Each structure stands twice: as C-alpha cells, then as structure tokens.
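The values are calculated or read from the model by the stated rules, or taken from the named source; none is laboratory data. Keep in mind it's a predicted model, so treat the numbers as computed, not measured. We place every Cβ from the backbone using ideal geometry, glycine too, and count neighbours over all the protein chains shown.
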Amino acid sequence: MKELIKSLCEHIAPPGGERALSNELLEKVRDVAHQTSIDRLGNVIATKNGDGPHVVLMAHADQSGVMIMDIADKGFLRIIGAGNLEPGRLVGCQVVFQNGVKGVVQLEANTKDAEIRFDHLFVDIGKSSKASASELVHIGLSGVIVAPFTELGATRICGGSMDNRVGCAIAITAFRDLAAMNRHVSVVFTAMQTVGARGVGAATFALSPDLAIVVDAGPCDDVPGHDVSSTELGKGPIIQVMDGTAIVSVRIRRHLEESAKKKGIAAQFGVWPKGSADTDAGAIQLTKAGVAVGGVHYPARYVGSTSTVVDVQDAQNAAILIVEAASSYEG
Amino acid sequence: MLLKRLTQAMGPSGFEDEVRGILREEVSPYVDAIYTDVLGTLICEKGRSQPGPCVMLDAHMDEVGLMVVGVENSGLLRFRPLGGVDPRILVAKRVRIGSSKLPGVIGSKPIHLQKPDEQKHPIPEDELFIDIGAKDKEDALANVQLGDVAVFDTLYDTIGDGCVKAKSFDDRVGCYILSEILKKSYAVPLVGAFTVQEEVGLRGATAAAHRIAPDIAIALEATVCFDGPFVPSHSEGTRLHGGPALTVQDGRTVADVRFLRFMMETATKHNIPYQLRRVKGGSNDFAAIQKSREGVVGGAISIPLRYMHAPAQIVSSKDVENAIRLVDAILQEIASGNWVEERFAN
Amino acid sequence: MSDDISHLDTLIALLQQDGGPGTEEGVASIVKRAFGRYTQDIQTDVLGNVFATVQGTGEGKRPTVMLAAHMDQIALLVKAILPGGYLRVVQAGGFDARTLVGQEVLVHGRETLRGIIGSKPPHVTTAEERKRTPPLEELFIDVALSEERAKQLVHVGDVVTLASQPVHLLNRRISGKSLDNRTSIAILLECLRYLGDKPHEADVIMVATVQEEVGTRGAIAAGYREKPDVAVAVDVTWADMPEQPQDLSFKMGEGPSVTFGPNIHPKVFRALKDAASSSHMPWQLELSQGPTGTDGRAFQIAADGIATGVIGIAIRYMHTAVETGSYDDIETCAKILARFIQTIDASFVEGLTCY
C-alpha cells in the first residue's frame, strides 16, 4: 500500500490537469478490468463485469493547486487557487507547474496576514522579464505545492498529494480484490473534485451504480487546540454519516458498520458540516433519480494545508472494509 | 440594427419575452426548427441530421434587473434586485418598468440634507425607491403591479473609437453573435440556445443542455474588462480591443485544455486575435453545460465588457466582429473534422 | 373514495414524529399509511422520497401533475461525546443557535434519550458573556449520563431533534416543531380528500420529499424520476411579525401565498391564482427574485426542465420549537390545489412550452 501511494504521489494533478496521472492509474487496474476509459471530463473509469450488484468505488484523482493568471512585467507570476488551498498558507512555499518549472510563492509587501488573498500572492520563477518568463510558462498553466511523499516512522506518511492519492490507492487495492472475487465492480478516479465535485456526476450518469462508495480524506481533530476529538489518526477508517454534500442513508451506513465488525476492524464515524469535508458523495447521490452512496474515508490530519499526515494502516483497513462491504452488498 | 434592438429590449431573468421575440423573428428564416422549452429558452436547430458532433452554441437572453415588491403610501415603489445588481450603482438612474415600459427614476436624499458621514457609505437598498411620479399608493397601483420588473433606461449608441455603449451587453452581445452565426451554414449539426435565467444560477442552460445533449458546447458571453491604467494587469480581467477572450479558469469552470488549445490554434490559423480571460471568479453557462449528462466538451468565448451589470456598458465593435469570425472558424474546423481530441492532448 | 374525516389527527401524529434530513423513515411510514386511503400505488425511491399516484381520467397519454411537500425537519447530529458524557452537535438544517439554549431535545441513540441543551446560569456568567450569544460549537447537550454510559448509548452521527409536543392554540391554530413542513403534508392529504371522486384528466403524483432542509436534495432526484408536466412545491412561508420586511410577510388565516418570479412558470402561477378565484378561496401574492428556498428550486431545472409552481401557508417562528400555523389555511390551500389539479389538461400542458 505504501509503495502504491508513493508512486501515485509522484504525479502532478491539479483540477482539470488530471491526465498526467491518468495513465498511471489505468496501468494499476487495466489487467483485471474488462473495460477502461477516460471520459469527456477526465474521469478515469475501469469496470470488471461479474456477479452481484454493480458497486462503483469513487476516489478523486485531482489535488488542490494553483493556476497562472498573469505574467507581470518583471517576470513575476500572478496565481489563483484551484481547489481549497488557503492563500495564507502558501507564502514561502515552493510550487511546481505541470511542465516541471518551479518557483517560490511570496507575498506583496505591506500585506497583513489576516488579509491575505490570492491577489496578494506572486510566484518568482527566477526570471527577470515578462518575455523570459513567458518562454517558460503561460497563462492557464497549473501547478501544485512541492511537498513530496515522506515517511514519518513506520506507518505514518505525509505529503502534499496524500489527499487523495491515498484514496486512489485504497480504491485500486479494493477494486483488484473485488475483481479477483469476480464481483461486478467499477473504479472511478474522478476529475475536478477539489473545485466542487464537477467531474463525478458525468461518470455516475454513465455507470448508474447500484452502490457507490466514495473514498476520500477524512479530517481528524486529534491535534492541539481541540478539546475533544471525534476522528483520530490510526483509529481506523471513517464511515461517513454526513459531509457538506450528502447524508448517507442509515441502511448503507449500518451495512458499512456491520462489514467493519465482521472483519474485526475498528471504525469511526464522520460528521462534517458544510465546508469542512466536502466530497463527491453529494454529486453521486443526486445523479438521475438518485444513487445509493456511502463513504469510507481514511483519517487525515491537516486536510486543506500543504502537507497532510496519514496512517497507512488506516488505509489498509479502509480497503478491507470496502471489499467486505461491496462483496456482501445485496442491493 | 440588431444589437441596438437587443440591448434596448427588456429582459430580466424570468422575463425575457421581448428579447425572445426579437430573436425569434430575426433567426427564424435561417433555421430548420425553432421552439421554446418549458423554461422559455429559445432553441434553434440547424442541419441537425448531418453527420458529425452536435454543437450547442449558447447565449443567455436575460439581464440583471429589479422587481417591484411594494408601494409606499407616498406612491414610491419598493424593489428588490433580480440577479447581481450592485446597489451602489442604482442611485440617480432612470429605469423602465413593466411591459408598458413606464419611466421611473431612482432618487435619493439631496446632498444638502445629508449628514457629512452619510456620504461616505453606500445608500442601503432599503432606502432606495423608484419614483414613477405617482401621487400616492393608489395612483401607483393604477400604473404598476407588484411583481412588475424594471431595467435601466439606457440608449444604445457609438462611443469613442470603434466602441458602442448600451445596457445589457451581458449577454445581448452573445445573442447577437449567435444570431449572426445562425444566419450562416455549416456542415455540422448545430443547435443554438438562447437561454433564460443565467443571472440567477445558470438555470436555463442546465435544462437546455440536458434536453439538447450536445457533444460540444460553446457559451458566448460577456466578461469583465477593467483595464484602466490604475489597475494592475492581473486584476484587469481582459483588455478592450484585445479580441475575444477564452477561459482558462473561472469561478465554476476549469478549461477543457484540449478544446482550449483547439480554439487557440484555430484563432491563430485564421489570423483572429484572442486573449485569455484573467479572472478570479464569475462564470457562464458553459459551467452548467459541461456537467450535463455524461459530460460535454467545449468552452466559452467572451467579449470584454467594461462596467458589467451597470446601466451603461462599453464593448469594442472589433472584439464583437472577431468573436463572430472565431466562432465561424471553429465551426468550419469542426465541420472539416479538425477537432480530434487526441491531437490536442498534450 | 371521498370521506369526511379531516387529516388534523394525521397532522398531529406527523408533528409528534421525529425525522431529520436522511432519517425520515418514521415520518414516511405515517405518510404512506395516510396516502393509502386514496391509492394503492405508493412507492419509495433510493433517497427515501415517498410517491403516491392517483390516476387521472384522461384518455391516452395523460398529463402528469406532481405536488410535493418535504417531510424532513431541521435536526442536529452528534459530532463528539465530551468528557463527562455531554454531547457536541452540528447542524443538519438551519437552526438559529439562539433559539436552542435551554431547549429540551431527544437524542436518537441506541435508545431514545431525553436531553437538555445546557447553558451557563446567569449567576456564573460575566457581564461580557451575557452580551454575546454562544455559537452552536459552544453549546452542549446534557443527557445526565456518565461518560461511560453515554458512550454506550450514543454514537457519533446520532440524530438529535427538538422535543416539543404540538399544542392547540385559539382559532384552529397549532404550535409545535416541524410545522415546516408537515403542514404541507397535511395539505397534500386534504387535497386528495377534496379531490375525492371529482374527475381530473391528469395523473396526480403526491410526493413527500426528503432532505429539503439540507439543499432540496430529495426533490432533485424526485423531479428527475417522475419528470412530470407540472410540479408544485408546497412549503411554508413567513407569517407577519413586526420588523419583518413587508414583501416577505403574510397573514395567517388569509389563505396560502402563491409565489411569482423567475422560478415559477407564469402559466402555472396563473392557473393557481385562477383556481383560488374560481373556488372563492383567499390567497396572497409572494414575490421572489430567483430560485426559491423550496423544492421548486430543484424541480424547475430537473432533466429537461419542469413547469414549476410554489404555494404554501404562512407560519410564525419558523425553524424553532414553537412554529405556529393555522389549520384553516391548510384547508384553503388544499381546496385551491384540488381545483388546480382539475384544470390541468392536455392543452394546458401544450401551452407550457409556448412562449
């Protein structure tokens, strides 16, 4: 699992720019799938025909990033956000664009910390004129924060693209296991989730799942500053009750809970009001005349910041839970 | 003159009748089928049985406006905005109300009677009223009904070098471009949608896209242009006379990079100037169309517009002309089979 | 088919039943039983929307008219169990946190537990504290259990609802929780009662929708599933109170408000208005300038688009434990809708796409 996550983290995939990652994702599932495709919006889809209801695993492929909006006179770049990075957290960070060009994000002089908007940020790519900068980059080019995959001890890892390469790795693992069990299963690595779940609806419309399971980062509050924690790192996968986009039906939540029990996996419950953890679940649930949706998320600290911490054991258990829930689902 | 007639017509969101009437009359002779959907979007089909991808061209008919929601005993009318109106621009403007286009003015307390501090703050919406000259409530209600809508009373005319001014270029300029395109013929199935209710949440386009189920869609829009010398280049959005603007990202869309490259290459090939929209928010109907059904390829072509949503707006005639040329060139290229997704993949 | 027993008792039962967004099953079962008086064709979809269809008398392809009322009520969800066995909650729907302090609630855990939303007594609050209202994150629910016992009985994700029994006030006015929008469920039922054996060309689909309070979610799926020719959202609006904007305030007991604006098909608005006049029923005009805060917002843009209307009675103190409305208005609204249904025919439907 750790190696899989690591290899997925090597790609840059800002929203709308997921295609750099698409081939790698397809390679990880192609050998066990009957059909694979990349749809019009960039969703990567693999399907294994088999027994039982059609269960679709959904993990977003994109990560939050920035996009170049202007190249100014002295070769400084102006950027806007693409996803949910807070501008104030980017000051001093390095950014790498889709074409490999790197730069440093900095702040206009005389800006108070509390007021920082993307308007106040610029990127220095080491060029001294608009013309020379324009040889390297163009308006519309996207980038992500440089924060590589890093191991923190035996099971914990961190990096800028944990959200949601860990989810992709869980989905790949669960998809392969379910395919080996000859279940009717699809996996979708969705596009443009971080800008508001824009891709997943199209894939859901095409697949009409009997059950969709979303795999995403579940924010933990087990860090200093919280008087009590509702979700903790290392305490097992998080079964979604509610996020900002969807309330999971009691029937599906119970099924996931039972599946965890059956496998002897400790699970937690995720209750996230609007804005604190929005996922693809809502867009899936409200496709056509409604789709049964559940969420199995991995605990993640510092979601929305430039580096997220995850425990690989949680991810492994999430995959086991998903396989059990998907293979025992009767519709 | 079509653009003049369109911009002087009244059509706030949900009340697009006059605009629809002008467009129906204008394009009917040139299309195979023309009809309205249940929301009021005017759909025009042309060569739909031809082979090739179905292309949907979208322009919204509605504009921001006001709705009369109450009458004071004095005969002054209370109103609420329809769509995103900046209350600061309302004061001391003339409006036209209802289907009879009754004139009215939005007044305020004269400067002599204001406290010094009052002038520093915008006048809140609930302190603004429309005056139609009514003597009292009864007189007002004999002339307007609650629910009547109002728009700015602005005349279309030329201004400066190669520019025109009017209200509601957002998005009558798109309607104009779409009308001109529908007068031409292409070897590709084409559906023009003059949509309703863009300003209150891309609502007409949402339903229309589901019904039309296009393969490719292009929204024809107006976009922010604030290109004075006092504005840093990253805040100007677009430049007037800089050519039609293509989207890389806005509030609701990240560009379909392949189609963006195709449009850029087409512009270059046909010697048409273009620019990229450098905006931080905002959106247009393409955002809704893109997510329809199994997803739609495409983008938006936008006309730089100074003073969006304000009573008097400016566009460059050259930009409008070049937008028509660009849409024309893109349709020709699609018809010749030159839109091949893979070619623009990297 | 026709009967004389009003649905006042059904309404009281609905008001006594708890059902937040996503946990409407209990309400749904009352609704299904009540619909059962009028039709055997009752179905439930993936999200939990309940559909009851009464066939029309038209020949060939009949028009379809859907009336919808949401059956969920605003609720809270347990976010964490605090030391000492207290509960922290988040919103599932829009409460004004100021109305929650000191409120009695029910915690739907392994057992249904009584709870009280605690507050610091004035004796121990500072003058500064008394000037501000604590946000929901600072409130807690006291179930008077030990931490260990609380953790056994309550889990993160459990639903919390207001504990408020309905009470009859003067003039057939009723007060309680969840009049938003169980009064509109009563309207659908009364409408079926008034419709009785009267001929109507159109098929009538009555829908009790789910999850309106978290973003008209049930309606999005319901609209797509049925794709009716006409959809009318029945939902409550604001009754007049001093200091409220006049154009957003309506009189209780003077008939339902009928909405006009971009969200509403002009011909549906006219037909509702005409139905009120021809049945000699009072109504009030509600103006809206964009998508309404009702299921009608979703219906209008479902699939290829649906001709949408919005109607509803005015209630006071919306989104609190003491919402107050009038049964007279429920009956008036139902009579107007029954008349409206009878006017829907093929030529009306044909006219909906003629602009």
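In segment A:36-44 there is no residue that is away from every other protein chain (no Cβ under 14 Å), in contact (Cβ under 8 Å) with a residue 60 or more places away in the chain and part of a strand (DSSP E or B). Applying the criterion of at least 1 residues that are hydrophobic (A, V, I, L, M, F, W, C) and under 24 Å from A:GLY218 (Cα atoms) to the strands (runs of 3 or more DSSP E) found wholly in segment A:118-169 leaves A:142-145, A:150-152, A:156-159. In segment A:258-291, the qualifying residues are those that are among the charged types (D, E, K, R) and within 9 Å of chain C (Cβ to nearest Cβ), and the one that is surrounded by the most Cβ atoms within 10 Å (Cβ to Cβ) is A:LYS288. No other residue among A:ILE239, A:ILE247 is buried (at least 23 other Cβ atoms within 10 Å of the Cβ), without any contact (Cβ under 8 Å) to a residue 12 or more places away in the chain and either outside the structural domain of A:GLY201 (by TED's automatic domain parsing) or of a type in the set (A, V, I, L, M, F, W, C) (or both) apart from A:ILE247.
Against the conditions (1) within 12 Å of chain C (Cβ to nearest Cβ); (2) surrounded by fewer than 21 Cβ atoms within 10 Å (Cβ to Cβ); (3) touching a residue at least 60 places away in the same chain (Cβ under 8 Å), A:SER307 satisfies every one except (1). Across segment C:337-355, the qualifying residues are those that are within 22 Å of B:THR41 (Cβ to Cβ) and part of a loop (DSSP other than H, G, I, E, B), and the one among them that is farthest from the other protein chains (Cβ to nearest Cβ) is C:CYS354. Scanning segment B:6-18 for residues that are within 11 Å of another protein chain (Cβ to nearest Cβ) and part of a helix (DSSP H, G or I) yields a single hit, B:ASP17. Annotation: of all residues in segment A:1-35 being outside any helix (DSSP H, G or I), of a type in the set (Gly, Ala, Ser) and within 18 Å of the chain's Cα centre (by Cα), the one that is farthest from the other protein chains (Cβ to nearest Cβ) is A:ALA13. The requirement of being in a helix (DSSP H, G or I), away from every other protein chain (no Cβ under 14 Å) and either crowded, with 16+ Cβ neighbours inside 10 Å or aliphatic (A, V, I, L, M) (or both) is fulfilled somewhere in segment B:94-116, by at least one residue.
None of B:VAL149, B:VAL144 is of a type in the set (Val, Ile, Thr), within 30 Å of C:GLN284 (Cβ to Cβ) and in contact with a Pro (Cβ under 9 Å, 6 or more places away or on another chain) except B:VAL149.
Residue-wise test of (1) free of Cβ contacts under 8 Å to residues at least 40 places away in the same chain; (2) of a type outside the set (S, T, N, Q); (3) buried (at least 24 other Cβ atoms within 10 Å of the Cβ).
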| site | (1), (2), (3) |
| --- | --- |
| A:GLY153 | yes, yes, no |
| A:CYS158 | no, yes, no |
| A:ARG176 | no, yes, no |
| A:MET181 | no, yes, no |
| A:VAL185 | no, yes, yes |
| A:VAL214 | no, yes, yes |
| A:GLY225 | yes, yes, no |
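Could you please let me know if C:ILE12 is more than 17 Å from C:GLN55 (Cα to Cα) and either surrounded by fewer than 20 Cβ atoms within 10 Å (Cβ to Cβ) or modelled with pLDDT of 95 or more (or both)? Yes; evaluated as a whole, the condition is true for this residue. Got at least one residue in segment B:258-272 being of a type in the set (Ser, Thr, Tyr) and modelled with pLDDT under 95? No, there is no match, as no residue in segment B:258-272 is of a type in the set (Ser, Thr, Tyr) and modelled with pLDDT under 95.
The strands (runs of 3 or more DSSP E) found wholly in segment B:275-345 and carrying at least 3 residues that are within 14 Å of chain A (Cβ to nearest Cβ), touching a helix residue (DSSP H, G or I) at 6+ places or on another chain (Cβ under 9 Å) and surrounded by 18 or more Cβ atoms within 10 Å (Cβ to Cβ) occupy B:297-306. Highlighted here are the strands (runs of 3 or more DSSP E) found entirely within segment C:1-100 that include at least 2 residues which are more than 27 Å from C:HIS168 (Cβ to Cβ), more than 11 Å from every other protein chain (Cβ to nearest Cβ) and touching a residue at least 60 places away in the same chain (Cβ under 8 Å): C:50-54, C:64-70.
When the strands (runs of 3 or more DSSP E) confined to segment C:253-324 are screened for residues that are crowded, with 24+ Cβ neighbours inside 10 Å, those reaching at least 3 such residues are found at C:257-260, C:307-312. Would you check if there is a residue in segment C:277-289 being on the phi > 0 side of the Ramachandran plot, away from every other protein chain (no Cβ under 14 Å) and either touching a strand residue (DSSP E or B) at 6+ places or on another chain (Cβ under 6 Å) or of a type outside the set (Gly, Ala, Ser) (or both)? Checking segment C:277-289: at least one residue is on the phi > 0 side of the Ramachandran plot, away from every other protein chain (no Cβ under 14 Å) and either touching a strand residue (DSSP E or B) at 6+ places or on another chain (Cβ under 6 Å) or of a type outside the set (Gly, Ala, Ser) (or both). Of the strands (runs of 3 or more DSSP E) lying entirely inside segment A:171-262, the ones with 2 or more residues being touching a strand residue (DSSP E or B) at 6+ places or on another chain (Cβ under 8 Å), over 28 Å from A:GLU86 (Cα atoms) and aliphatic (A, V, I, L, M) are found at A:183-190, A:211-215.
Check segment A:262-272 and report whether any residue there is over 22 Å from A:GLY201 (Cα atoms) and of a type in the set (Val, Ile, Thr). Checked segment A:262-272: at least one residue is over 22 Å from A:GLY201 (Cα atoms) and of a type in the set (Val, Ile, Thr). Being within 16 Å of the chain's Cα centre (by Cα), within 11 Å of chain C (Cβ to nearest Cβ) and under 25 Å from C:GLY48 (Cβ atoms) narrows it down to one of A:GLY218, A:GLY244, so name that one. Every option except A:GLY244 fails the conditions. Examine segment A:81-91 for a residue that is of a type in the set (Asp, Glu) and within 14 Å of chain B (Cβ to nearest Cβ), and state whether such a residue exists. Scanning segment A:81-91 turns up no residue that is of a type in the set (Asp, Glu) and within 14 Å of chain B (Cβ to nearest Cβ).
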